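Structure record follows, encoded as structure tokens.
The values are calculated or read from the model by the stated rules, or taken from the named source; none is laboratory data. In this text the structure is predicted, and so the values were computed from the model without any measurement. All Cβ positions, even for glycine, are placed from backbone atoms using ideal geometry, and neighbour counts span all protein chains on display.
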Amino acid sequence: MINIVKEPRLSVSTCCLAPSVRRPADVDTCSWSGRRGHSLYIVASAFAGSGQGVGANERLVATTRSKGTRRCPGSARPSVRRYVAAGHRYGIEEIEGKGLGIIANQNLEAGDLVFAETPQLTFETDSNQAIQQVKGKFAALPSKMQDEIMGLADAWSSRGRKTLRGIIETNGIECEPAGQSISRKAIFLNLSRLNHSCNANCDYSWNERDQRMEVYAQTAICEGEELSISYIDIREPRQVRQQMLQDNWQFRCSCSVCSMRMHAASDKRRLRIGELSALLYSSRSSTKKFRIAKRLLRLYKEENFAVKSYNLEACKFGYDAALELDDFEAAPRFAQLGLRCALICHGRDHETTKEHHGNRASF
Ligand SMILES: C[S@@+](CC[C@H](N)C(=O)[O-])C[C@H]1O[C@@H](n2cnc3c(N)ncnc32)[C@H](O)[C@@H]1O
């Protein structure tokens with residue numbers, strides 16, 4: 001999940017689909033005039049049935065929020081109609097200034113699976129033929145699915161005229177087993193509605209066995225709160241983050257971190273976090289890696305990072321370094337924390353979680 005090479009996590013950022021001038025070509029043979037646009041009539045994609053995702057072609061229906069449930073302080077939202085599938089943990093609705101977004105329909109705990117979704121369109125991003133491949137696959141889809149895909153946001157649309165290329169740039173998301181270079185991306189109908197935050201409360205994890213993307217809550221979330229993911233590596237100061245989001249998704253981020261008036265301390269911390277994270281990979285000394293891992297864990301806590309993939313990375317390095325240093329007190333602590341983070345990021349059955357289970361069990 002972590003890109004050490006600081007590139008956007010969402011969107012297609014390859015030579016084939018994202019040339020140095022990132023704006024997709026105006027003339028695109030797969031252009032669309034936005035027939036349905038941002039309609040609130042959404043048909044969910046097919047799911048490999050965890051019971052927590054939306055079923056294949058299940059229509060999302062309007063509901064109103066149930067009364068009398070726990071609410072987060074300050075999360076009161078005007079009474080809105082939600083478009084949800086009955087019994088699901090989230091709904092899709094209009095969010096002021098952001099287009100559509102996803103809202104929690106119930107209180108969630110860290111590690112809860114919010115939904116799982118199979119991709120509608122996959123493509124290789126390291127192929128010179130990437131855009132042709134996407135167009136070919138798109139053309140082969142049923143027209144209803146083409147409509148659904150063309151109903152997704154296009155950050156590059158001009159006067160409401162969307163292009164397939166713009167939609168892929170805006171919504172394409174990597175789906176590779178952890179640790180592999182990103183060369184396969186996909187379009188998902190529901191996942192694509194998650195907006196960005198520089199301290200997101202959700203993260204996504206590719207489940208290679210079931211060939212589906214899973215979205216996990218990273219912290220406790222109250223009913224009515226917006227669910228968010230991070231489109232970029234957030235270990236950057238505000239100005240860099242804002243520039244990346246503007247360049248790649250055409251919006252100015254006003255998340256809780258970006259809108260802090262006193263952001264100097266956060267910027268300083270994130271810069272340091274970025275430097276230390278890079279050092280984890282470049283350093284050859286186990287002693288140094290061990291110290292960096294511990295320092296990073298402290299900084300993530302101070303910066304209140306909700307997403308646990310960064311902690312998971314630090315735990316993995318810390319655990320390996322502790323073993324190399326024969327530190328049999330620290331190693332199980334890293335293993336224990338790593339397992340907790342893996343469960344929150346990836347759920348029980350993921351290979352990464354099993355690896356951390358193994359580490360924990362060896363003590
Ligand atoms: C992947 S889409 C997310 C869903 C989108 N809001 C929709 O209506 O389908 C990305 C686009 O959503 C909008 N967006 C995402 N996060 C945002 C944020 N934090 N603030 C404002 N706009 C945001 C931007 O227009 C961006 O190009």
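Here is how the numbers come out for the structure above:
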quantity	calculated
Test for residue 244: is it within 15 Å of the ligand (Cβ to nearest atom) and over 21 Å from residue 95 (Cα atoms)	yes
Selection count, region 140-179, where residues are away from the ligand (no atom under 16 Å from the Cβ), of a type in the set (A, V, I, L, M, F, W, C) and under 16 Å from the mean Cα position of the chain (by Cα)	1
Residues that are assigned to a helix (DSSP H, G or I) and under 17 Å from the mean Cα position of the chain (by Cα), drawn from region 225-241	241
Enumeration of residues in region 323-354 that are surrounded by fewer than 17 Cβ atoms within 10 Å (Cβ to Cβ) and without any contact (Cβ under 8 Å) to a residue 12 or more places away in the chain	326, 329, 333, 348, 354
Residues of region 286-302 classified as crowded, with 20+ Cβ neighbours inside 10 Å and touching a residue at least 40 places away in the same chain (Cβ under 8 Å), total	2
Lone unmet requirement of (1) within 11 Å of the ligand (Cβ to nearest atom); (2) touching a helix residue (DSSP H, G or I) at 6+ places or on another chain (Cβ under 8 Å); (3) part of a strand (DSSP E or B) for residue 189	(3)
Checking residue 182 against (1) at pLDDT below 95; (2) within 13 Å of the ligand (Cβ to nearest atom); (3) among the β-branched types (Val, Ile, Thr), the condition it does not meet	(2)
In region 95-114, residue surrounded by the most Cβ atoms within 10 Å (Cβ to Cβ) [restricted to those that are within 15 Å of the ligand (Cβ to nearest atom) and assigned to a strand (DSSP E or B)]	102
Residue list for region 119-138, restricted to those being surrounded by 15 or more Cβ atoms within 10 Å (Cβ to Cβ), outside any loop (DSSP other than H, G, I, E, B) and at pLDDT 90 or above	121, 122, 123, 134, 135, 138
Output for region 192-219, where each listed residue is in a loop (DSSP other than H, G, I, E, B) and within 12 Å of the ligand (Cβ to nearest atom)	194, 197, 198, 199, 200
